[in-house]
Each structure stands twice: as C-alpha cells, then as structure tokens.
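Structure first, commentary second.
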Amino acid sequence: MALDIGRIRNVAFVGHGGVGKTSLVEALLFACGAGSRLGRVDDGTTTTDFDPDEIKRKISLNTAVAFCDHQGHRLNLIDTPGYGDFVADARAGLRVADAAVVVVDGVAGVQVQTERVWKFANDYSLPRAIVVNRLDRERADFYRTLESLQKRLKGRLVPLQLPIGSESGFAGVVDLIAMRALVSADGRIKDAEIPGELTESAKSYREKLTEAAAETDDDLLAKYLEEGSIGEPEMLAALRRAITSGAVVPILASSATRGIGVGPLLDLIVKEFPSPADVGEVEGTDPRAKAAVKRAADPKAPLSAVVFKTITDPHVGKLSVFRVYSGTLRADSQVANASRDARERIGHLGWLSGKTQKHVEALGPGEIGVVAKLKDTLTGDTLCDDAHPIVLPGISFPEPAISFAIQPKSRGDEDKISTALHRMAEEDPTLHHHYDPETKQLLVSGMGQLHVEVVVERMKRKYNVDVSLLPPRIPYKETVKGRAEVQGKYKKQTGGRGQYGDTWLRVEPLARGGGFEFVDDIFGGAIPRNFIPSVEKGVRDCMKRGILAGYPVVDLKVTLYDGSYHDVDSSDMAFQIAASMGLQKGFMEAKPCLLEPVMNVEVSAAAEAAGEVIGDLNGRRGRIVGMEPDGEVVLVRAQVPMSEMLTYESSLRSMTGGRGGYSMEFSHYEEVPSQLAEKVVAAHRVEKDKH
Ligand SMILES: Nc1nc2c(ncn2[C@@H]2O[C@H](COP(=O)(O)OP(=O)(O)OP(=O)(O)O)[C@@H](O)[C@H]2O)c(=O)[nH]1
Ligand SMILES: [Mg+2]
C-alpha cells in the first residue's frame, strides 16, 4: 500500500556549513522514535552523514534522506551539505522537496551560503521556515540573528517563537501561537507558563505575527485595521495559509544537540508545511510530441518520478534515489527513462534512511524511494510510464570552478582511474574530468580544492587507486590587442603531386566575450569557394590548440581577404595548413596577450579580522567591491583572479581562526599583467619540451 499523499511531508534542510542541519535532522528522527539513540556528528554516528568521508571530516558531502513518522504523517527529511564546495547538492534536495527548513547559526547569523541556498529555494518557489540553531553556544543571540535575517533575506520573516534563556542557559522556547512555554527540565521538554520577564515581549511579538498574517489577506487586514484585532481561529487559518504559500516565513529557535525546539519544529512541518497533494500537478514535456504535459499527484495517473541522487558503491552497485510525482511505481516492473529514451527494469524498491533501506512493494505520488542497478539513469532523469512519456524539469548544477591534473602513483593504473572517475561523476554531477592532449594530462575539475581532495581520497578507498594531485591548471585564454595582416602559405612541390595553399589573413580583436568571427572577403576567385571552409577550419583548429601558451584563443576576428591557388596541388589539407600557419604568424604580430578568469569572492569574517582579510585580498591582486558590517561579522566582496585564490582556504583559516567562510564563482576574463603572463608562457614551454 502506498502512503496517503495528504500525510506526506518532503522537507529539505539547507544552510551554511556547520550550522547543525545534520544534527537537527538527527534530533527530529530521534524524537519520532526512528532511531534507538541520538547520533552525533562528532562521533560519526548520525543517520544522514553515513559516508566514511563525511564521518572522517565531520561535514556533509552529499544530500541524504531519512524518514520518520509523526502524528500519523510520513516525514521525508532531506539533509543537504552547506560547505561551499558541496552546497550545490542542496539544489538536488530542494528540487524534490515541497518545503525547506533554512538553518542558521545563532552566533554567526546569515552567512555566505545562507544567501546562496535562500536563492536556490526561491528558484523552486518553496515555502520555508528558518531555524536559528546552536542557541546554547557562547555569544549566540537570537535577536541579533533575527536582525541579520530580516536585513539580508527577502521575505516576510517573523518569529514564531522566542528563546527562553541564552547561551548555556538556553532552556526552551515560547510558542507565540499557543502562548505557552516549552522548557527543558531533567532531559524532558515540559509545557509551562511563559516566564514573567518574557510576557511583555511575547505579547508584542505575537502582535507582529498577527499583523504579518493579516497583511497577506486583504479582507482580514481591513478587519484588523478597523477593529484592532482579529479572532484567534481566523488569525491561525490566515497564518497557516501564509506559511504554506511562502508569504510568511516563520522563525524558530533551537539547540539540536540539546533537543530544544525539536518538538515544535516537527509540529510545524506536519501542520504548516504543504503535502504533495497541496502542491498539486506537475508540468513536463512529452518528448515524442514535444508538447507540454501535466501529471496529477494521483496514484492512478501515469507514472512520473525524478531521480535526484545517485549513489555508487563498488560492491553494492548503483542506487538511484527518486521522488514519485504521479502514478505508482511497483517493484519488479518495467519503466521508461524519458530523459534518455531508455528502458529500465525495476527490481526491489525501498524507503531510504541514511544508508539503510526498508523494502516496499509500491511507491505512490509524493513518496521518496530508492532502486538499485538502473542501467542508464543518471541524476536529474525522469522515470515514467512507457506509454505516457514525460520529462520533468531536471536539476541544474554549476560548472566546476577549478581543475587539477592527476597522476597515477603506479604505472598501468590509467584504466582504473578512468573507470573510477566515470563512476564518481555519476554520483556527483559537479565532478568533471577530461584528457588534455596538449599536456597529456588527465584533468579533474570540481567546485574547489577540498572537493577534488575528497575525490582523490574516495578513489583510493573505494576503487583502490592511488593518484597524486598536481597543481591546478588555470583555464587561461589567449587573444590579441592589435591588428595584423599576414600571408600564410604552404607549398610543397617537389616530385609527384604537391601541396599548395596560399592565404592572406587580417587578425583583429573582438570585444571581451565576442568569441570568434570569420569573414570571407575574397573577390574574383583568388581562392576557389570550396577551399574557404578549409581556411576557416585551419583557423579554428589552430585557435583551439592555442598559440602563445597552449590555451584556447578567443575574442578574435579573422578576415580572409586574398590568396592564391594551384589547379592540381591545392587541397583541403593544404589550405588548412596554410591558414593555420598564417594565423600563428598574424596572432604573434597582433600584440598577443593572456586572459585569466576573475572570480567574484565573498568572504565573511569576524569584524576584528576584516582588516587582515582585506589586506590579504589586495595582496592577491583583488579589487574590493564592497564591505558590509553585519553584527559581529563583516562581509567582504571582491573580485580576485582565480590563480590567486588557490591557497585561500588555508590562509583564511589561519586569519580567522577557522571562523571565516568564503564562496566564489566565476565572473569574467581579464588580461593577465605582462610579467605574470611571461611566467605562464615560460611554464608552457617547459611543459611542451617535456613531451
Ligand atoms: N552547541 C551546539 N552544537 C551544535 C548544535 N547543533 C549542531 N552542533 C554542532 O555543530 C557541528 C556541526 O553540526 P552539523 O550537524 O554537522 O552541521 P551541518 O549544518 O550539518 O554541517 P554541514 O552538513 O557540513 O554543512 C557539530 O559539531 C555539532 O555537534 C547545537 O544546537 N548546539
Ligand atoms: Mg550536515
């Protein structure tokens, strides 16, 4: 029997690294009796950080799912990573959730990745709640965090609770709906009167809650303004609608490790968050008819399900974790993968809790499940009924930000490495790899240094291959600043059939981002028409290989304006070679230069470390573009060349005593200062001579 759809809640937990998402999920599972003991991140015993690399590093690397039951409801809790290199996987969790819990740290408030995941949640228009966690820590402050939330996140953000006590004295919460206190005593949470010193502020915050609820409903607002108050049932109904639709974002207080605020969060999820039935039908594309189609969240509708996570294991094989949107998926059945026009056999089905599966016979709309050994299916694919094909929106992952070359430690391991990378890329869409024929190196690209290091460790542990990481390769590009007109001529006419191609090329720069433009300006048949594409191909191939330092040439306009040919000896190949020779010459005459990627960098650090952080960014050729004080933390925005950011991780750690954070993403390309460019060119020559 599939679950009752109205009683399912799919909730993703998102937030900055280390704010307590995994601990909170663990606390919820424990409170529902889903585990016999409360796991701890620091002991490596939580349900959702089960991967050995997660246990070793005490951070989440992957989105993971666990389920529990509360008040007759099925809660699917989706725990996502918050650390910068891994936070992209939060998109996968949010893609299949019907609501999000945004967790923030009660000391640090809104951080770099908080804003990032907030935007992700906006992309999927998810209703959400904010939990201010770790309120038992020294220097934690609910009200300061509240200020940072209201200032930095867009939306109608209002407290649903107030904390009782602070720091190590944090003992419970005031529930502003019931106007009661929930206090922790002797390891249990007890219902109590609101403590005297909080009654006034509880009243005033409840008033704010009422206002927020009223403002989302015109009739109610009119009544509120006229009468100065609204009845409790009306206010609660309006608040519920406002939370479910995302118009109001409630803020809660918690300590995951002490179990404070956990019960109220469970109640909120059940009572206030939407079920898959509330979310209703989904829209996708019929790949055969190429038309939009809809599917109702009905167990009898044709099947549609989205795979949002792939886990591979050399022993167990491949596991695909998915959410059903319509219809019923049955064990031992056949389905289509409409995203790849493939058929898949479904064997056993299960509910997933961390790494543990519970077998089930069928899964209905809104349910999250796991299936083993699908052949062709990857993350983001839609599984559906063969007779009713549909492709639902997939999941977009960012392009990798950094590349390293890797080298096998023992000879003959190349094949093993490539198999391992293929498998790992299946479970991690932000991991890319390719072979660079120019340097004969295997390049592994990821979201940051830590990401690539984790990949290397995993390769050793799971696939038994040991590799070393070479310094990362910056994706420089080449272009010109000046103009040149040159002849490119290739002539070999000694004995037998010869080779003859002769071109005159004009080489000019295009605006940044202009790419490549080829202009055919041949008049009077100086070069026969059929050889013009050969000239273009010669130019393009040469640009791809690079001229100055082996990096691709961009933002270039090449005009073919004259040339000559030979009736017998001219050929496609001869013109390709001639054009390539011409371009190499013209490029070097037209003031060539190197371009480097510049990153948008956001650093958050304690105010007292800000001076040092800015000085350090300046030293990295960075341009500071903004600085915002935010409580005890300062947010610094800068543009910094990628090549200067490779060692940032450890520097920031030492400048801030581990309490800073940063994120970066690609911004644009800029010219490399000539002294540095010379070094890159020289390094390329050394590299080339080696091969
Ligand atoms: N004092 C205190 N510590 C907490 C609380 N919640 C979590 N922690 C600790 O904070 C650290 C990080 O907790 P996690 O649950 O791993 O945080 P996370 O948000 O899942 O981290 P990532 O998944 O890596 O982004 C661990 O050492 C937890 O024990 C809390 O409420 N109070
Ligand atoms: Mg975690």
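The values are calculated or read from the model by the stated rules, or taken from the named source; none is laboratory data. Note that the structure is a prediction, hence the values are computed from the model and not measured. Every residue, glycine as well, gets a Cβ built from its backbone with ideal geometry; the counts of neighbours run over all protein chains shown. These area figures cover heavy atoms from the full protein model, side chains too; ligands, DNA and RNA do not enter into them. Shrake-Rupley method; radii C 1.70, N 1.55, O 1.52, S 1.80 Å.
The phi-based Karplus calculation (6.51 cos²θ - 1.76 cosθ + 1.60; θ = phi - 60°) puts the 3J(HN,Hα) values of region 272-289 at 9, 7, x, 8, x, 5, 5, 5, x, 6, 10, 10, x, 10, 7, x, 7, 7 Hz, whole numbers, x for Gly and Pro. For the chain, what log10 I(q)/I(0) values come out of the Debye formula at q = 0.05, 0.11, 0.12 1/Å, with one point per alpha carbon and no solvent? Normalising to I(0) and taking log10 leaves -0.31, -1.18, -1.31. Couplings 3J(HN,Hα) of region 559-564, computed from phi: 10, 8, 10, 6, x, 8 Hz, in residue order, whole Hz [Karplus 6.51 cos²θ - 1.76 cosθ + 1.60, θ = phi - 60°; x for Gly and Pro].
Between region 527-546 and region 208-226, the C-alpha centres lie 69 angstrom from each other. About the centre of its Cα atoms, region 308-454 shows a dipole size close to 380 debye [charges on the beta carbon of Lys, Arg (+1) and Asp, Glu (-1) only; nearest 20 debye]. Extension gain for Q407 to E167 (0.36 nm times residue separation, less C-alpha to C-alpha distance): 81.5 nm.
Under 5 Å from the amide H of Q441 lie the amide H atoms of D436, each residue being 5 or more positions distant or on a separate chain, with H modelled from the backbone and absent for Pro and chain starts. Inter-part distance, region 42-97 to region 262-337, computed on C-alpha centroids, equals 18 Å.
Computed from Cα atoms, the angle from the helix 414-427 axis to the main principal axis of the chain rounds to 40 degrees. Only the Cβ atoms of Lys and Arg (+1) and of Asp and Glu (-1) were treated as charged; on that basis the dipole of region 369-442 about its Cα centre amounts to roughly 360 debye. Only Lys, Arg, Asp and Glu carry charge here, each on its Cβ (+1 for the first two, -1 for the last two); on that basis the chain has a dipole of about 1780 debye about its Cα centre.
Within straight-line reach of K462, meaning a Cα separation under 18 Å, sit the following lysines at least 8 residues removed in sequence or on another chain: K56, K318, K355, K373, K409, K416.
With θ taken as phi - 60° and the Karplus curve 6.51 cos²θ - 1.76 cosθ + 1.60 applied, the whole-hertz 3J(HN,Hα) list for region 487-494 is 9, x, 10, 10, 9, 9, 10, 10 Hz, x standing for glycine and proline. Between the Cα long axis of helix 532-545 and the first principal axis of the chain there is an angle of about 60°, rounded to the nearest 10. Averaging 1/r over each pair of different alpha-carbon atoms in region 1-57 and inverting the result gives 12.8 Å, the Kirkwood hydrodynamic radius.
Between S674 and E589, full extension at 0.36 nm per residue minus the direct alpha carbon distance yields a gain of 29.0 nm. What the Cβ-Cβ distance of K544 and K154 gives, at R0 = 45 Å and to the nearest 0.05, is a FRET efficiency of 0.55. Taking the square roots of five times each eigenvalue of the Cα gyration tensor of region 198-307, the equivalent ellipsoid has semi-axes of 37, 21, 10 Å, listed largest first. Relative contact order, whole percent, for region 543-691 stands at 28, derived from Cα pairs under 8 Å and 6 or more residues apart. Each of G626, P276, V455 was placed along the dipole of the chain (beta-carbon charges, centred on the mean Cα), and the one lying farthest toward the positive end is V455.
In region 212-352, taking the dipole from charged Cβ atoms about the Cα centre, the farthest positive-side position among V307, M235, A247 is held by V307. Note on Y669: accessible area approximately 40 square angstrom, rounded to 10, probe 1.4 Å, nucleic acids and ligands left out. The antiparallel fraction among DSSP beta bridges confined to the chain stands at about 80%. Give me the percent relative contact order of region 1-141, please, defined on Cα pairs under 8 angstrom at least 6 residues apart. Worked out over region 1-141, it gives 29 percent.
Shown for region 524-586 is the translational diffusion coefficient from the Stokes-Einstein equation, using the Kirkwood radius over Cα pairs, a temperature of 4 °C and a viscosity of 1.567 mPa s: 107 µm²/s.
Here the gap between E232 and H348, fully extended at 0.36 nm per residue and compared with their Cα-Cα distance, gives a gain of 36.9 nm. Projecting the Cα atoms of T199, P159, A214 onto the charge dipole of region 148-224 (Cβ charges, centred on the Cα centre) puts P159 farthest toward the positive pole.
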